[in-house]
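The block underneath contains the structure these notes are about, expressed in structure tokens.
The values are calculated or read from the model by the stated rules, or taken from the named source; none is laboratory data. Note that the coordinates shown come from a computational prediction; the quantities given were computed from them, not determined experimentally. So basically every Cβ, Gly included, is an ideal-geometry build from the backbone, and we count neighbours across all protein chains shown.
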Amino acid sequence: MTKPQVTVVGGGMITNDQILPTLYHMQRQGRIGEIHICALTARPLKDLADSELFARAFPGQMFCAYPELSGDLDRPCPNLFREVIAQMPPRNIVVVAVPDQLHFDVIMTALRADQHICSVKPLVLTAAEAKVIEEEAFDRGLLVGIEYHKRFDDRSLMARTRYRAGLFGEFRLGTACLLEKWYYRLSNFQNWCTVENSDAFTYVGCHYVDLVHFITGLLPAAVSLYGIRDKYPNGNEGFLWTDARVIWDNGACLNVQNALGFPDAAPGTNTQGLTMYCAGGDNGALISHSDQYRGLKYSYTRNPGGPGATIYAEPSPDYLQYLDLGGPGLVPVGYGYRSIEYILAGAIRLEEETDELAERQKRLQQIDATGIMATPKNSRYNELVLEAGRLSILNGGREALIEYGERAGVRLRAD
Ligand SMILES: NC(=O)c1ccc[n+]([C@@H]2O[C@H](COP(=O)([O-])OP(=O)(O)OC[C@H]3O[C@@H](n4cnc5c(N)ncnc54)[C@H](O)[C@@H]3O)[C@@H](O)[C@H]2O)c1
């Protein structure tokens, strides 16, 4: 069988930090073929192509760039991804890594060209769009996997198994936070993560909402989202500090704080974690994950450089690191790698196992039901939470209620 071609649409931070190292490694292992990357302009692709880290980790490997690197690096080509996808042989893989509000267009373009999809979170910003994607993919027997990489942190899988075995009783009260560093405000975020499009909760809070469902199986029932408007360096306005209260279908309450505001001088690339207090029959139970401080304390002789680097650091060995295992190059490891690899491996397996539409649809239903991979069908609550959060934040934090089933949607609480 020919190895699947993988086209990434979007060449920004997440492509640099997680997607491309994973793809290069899978290519080196002989599991995927050519890698194509399409961005709005060639500028970020030039950075990826010139990366010293990639040259060291993946010697001799390169991707095909669209737009080409030999032309004007700053000429925007917003529709080029359509041509790039149209040129792909059917039933290969498209990885979607553009800003949130563009996901739907890129995903539907790829599905109509008969491609499997790995999308960065959030899949899309509305449940109605997620349903359209679900139906289109199912009709064509194509896999759509949504990359919520915290699911592939071993601690999440441990908690899920133990929770579902009854060892924690029932979730009651919880608190989660994920605050990115202040310097994020200087990046391309200021051009798209603005009040009209998104907010700190929509951008990163969704990870912990997804994780609480992943661990417990509970569904979010209501969201109140308070946001503070703040200015980016370019003058655009964003909800850069948010506080969310998510009520679950068993009455449990999760508080989620998010911001682009963790001090640049602080150790670690951000601060994040989850604490869940639970009730057993006659005792309390606790799940507590420090997701930023993982027990490592490094104090270097000098600042090692790179975005957000500090002399005193508490690096995570678990998200994505490059290890020297004797070469050639370096090996990317961690849940960032495992998460993308899991979705791509699912698409490859589907292609290898069967060509029959009915059989492929049966496999897709199994993937939905197993619930390890987030799919449009089994993680619709994420789009509903985003919709509820946006409705709430734009209405001064009023509570927005979520409904499932035929009448799936969100509305402000009447009183
Ligand atoms: N923790 C996570 O799971 C995580 C972390 C970071 C980002 N993300 C998600 O990844 C996505 C991208 O985020 P990022 O931080 O890489 O953003 P970014 O701004 O660094 O990069 C966005 C990329 O999209 C490209 N792009 C924009 N319009 C395009 C078009 N019309 N055609 C082709 N390419 C286009 C840009 O050229 C750029 O390379 C977002 O949806 C974000 O929410 C997820």
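Take the residues in the stretch 1-60 that are among the β-branched types (Val, Ile, Thr) and more than 16 Å from the ligand (Cβ to nearest atom); name whichever of them is surrounded by the most Cβ atoms within 10 Å (Cβ to Cβ). Outline the logic, then answer.
Residues of the stretch 1-60 that are among the β-branched types (Val, Ile, Thr), as a first pass: 2, 6-9, 14-15, 19, 22, 32, 35, 37, 41.
Imposing the further condition that a residue be more than 16 Å from the ligand (Cβ to nearest atom) reduces the set to 2, 32.
Values: 2: 7, 32: 23.
Result: 32.
Looking for whichever is over 24 Å from residue 269 (Cα atoms) and β-branched (Val, Ile, Thr) here; the options are 14, 35, 19. Which one fits?
Criteria check complete, one pass: 35.
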*asked:* Just checking, does the stretch 144-157 include any residue being farther than 17 Å from residue 373 by Cβ, away from the ligand (no atom under 11 Å from the Cβ) and without any contact (Cβ under 8 Å) to a residue 24 or more places away in the chain?
replied: no
*(1) in contact with a Phe, Trp or Tyr (Cβ under 6 Å, 6 or more places away or on another chain); (2) farther than 30 Å from residue 185 by Cα: which one isn't true of residue 57, the others all being true?*
(2)
*Taking the options 277, 342, 312, name whichever one is free of Cβ contacts under 8 Å to residues at least 60 places away in the same chain and out of contact with any helix residue (DSSP H, G or I) (no Cβ under 6 Å at 6 or more places or on another chain).*
312
*Please work out which one of (1) of a type in the set (A, V, I, L, M, F, W, C); (2) in contact with a strand residue (DSSP E or B) (Cβ under 6 Å, 6 or more places away or on another chain); (3) over 18 Å from residue 6 (Cβ atoms) is the condition residue 42 fails and give its number.*
(2)
_Counted residues, the stretch 127-165 - those being within 23 Å of residue 291 (Cα to Cα), among the charged types (D, E, K, R) and not in a loop (DSSP other than H, G, I, E, B)_ = 8
*asked:* Tally up the residues in the stretch 238-297 that are among the small types (Gly, Ala, Ser) and assigned to a loop (DSSP other than H, G, I, E, B), please.
replied: 8
*Could you look through the stretch 1-30, keep only residues that are in contact with a helix residue (DSSP H, G or I) (Cβ under 9 Å, 6 or more places away or on another chain) and among the small types (Gly, Ala, Ser), and pick out the one that is modelled with the lowest pLDDT?*
12
*For the stretch 18-27, indicate whether the set of residues that are touching a Leu at 6+ places or on another chain (Cβ under 7 Å) and part of a loop (DSSP other than H, G, I, E, B) is non-empty.*
no
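When you check residue 161 against the structure, is it hydroxyl-bearing (Ser, Thr, Tyr) and surrounded by fewer than 16 Cβ atoms within 10 Å (Cβ to Cβ), yes or no? Write out each step before concluding.
Details: hydroxyl-bearing (Ser, Thr, Tyr): yes; surrounded by fewer than 16 Cβ atoms within 10 Å (Cβ to Cβ): yes.
Taking the combined requirement at face value, the residue satisfies it.
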*Unique residue being farther than 30 Å from residue 241 by Cβ and of a type in the set (D, E, K, R) when the list is 399, 387, 359*: 359
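Can you find a residue that is of a type in the set (Asp, Glu) and either surrounded by 20 or more Cβ atoms within 10 Å (Cβ to Cβ) or part of a loop (DSSP other than H, G, I, E, B) (or both) anywhere in the stretch 400-409?
Taking the stretch 400-409 and keeping what is of a type in the set (Asp, Glu), we get 403, 406.
Retained after the next criterion (residues that are either surrounded by 20 or more Cβ atoms within 10 Å (Cβ to Cβ) or part of a loop (DSSP other than H, G, I, E, B) (or both)): none.
No, because not a single residue in the stretch 400-409 is of a type in the set (Asp, Glu) and either surrounded by 20 or more Cβ atoms within 10 Å (Cβ to Cβ) or part of a loop (DSSP other than H, G, I, E, B) (or both).
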*Could you tell me whether the stretch 105-126 includes any residue that is near the ligand (Cβ under 8 Å from one of its atoms), in contact with a Leu (Cβ under 7 Å, 6 or more places away or on another chain) and modelled with pLDDT of 95 or more?*
no
_Matching residues, the stretch 297-348, being in contact with a Pro (Cβ under 9 Å, 6 or more places away or on another chain) and of a type in the set (Ser, Thr, Tyr)_ = 298, 310, 312, 322, 337
_Selection status of residue 225, among the hydrophobic types (A, V, I, L, M, F, W, C), within 15 Å of the ligand (Cβ to nearest atom) and in a strand (DSSP E or B)_ = no
*Of all residues in the stretch 298-340, how many are in a strand (DSSP E or B), touching a Lys or Arg at 6+ places or on another chain (Cβ under 9 Å) and surrounded by fewer than 15 Cβ atoms within 10 Å (Cβ to Cβ)?*
1
_Take the residues in the stretch 79-97 that are closer than 19 Å to residue 355 by Cα and assigned to a loop (DSSP other than H, G, I, E, B); name whichever of them is nearest to the ligand (Cβ to nearest atom)._
88
*Hey, does the stretch 135-143 have a residue that's at negative phi, within 20 Å of the chain's Cα centre (by Cα) and either within 16 Å of the ligand (Cβ to nearest atom) or of a type in the set (S, T, N, Q) (or both)?*
no
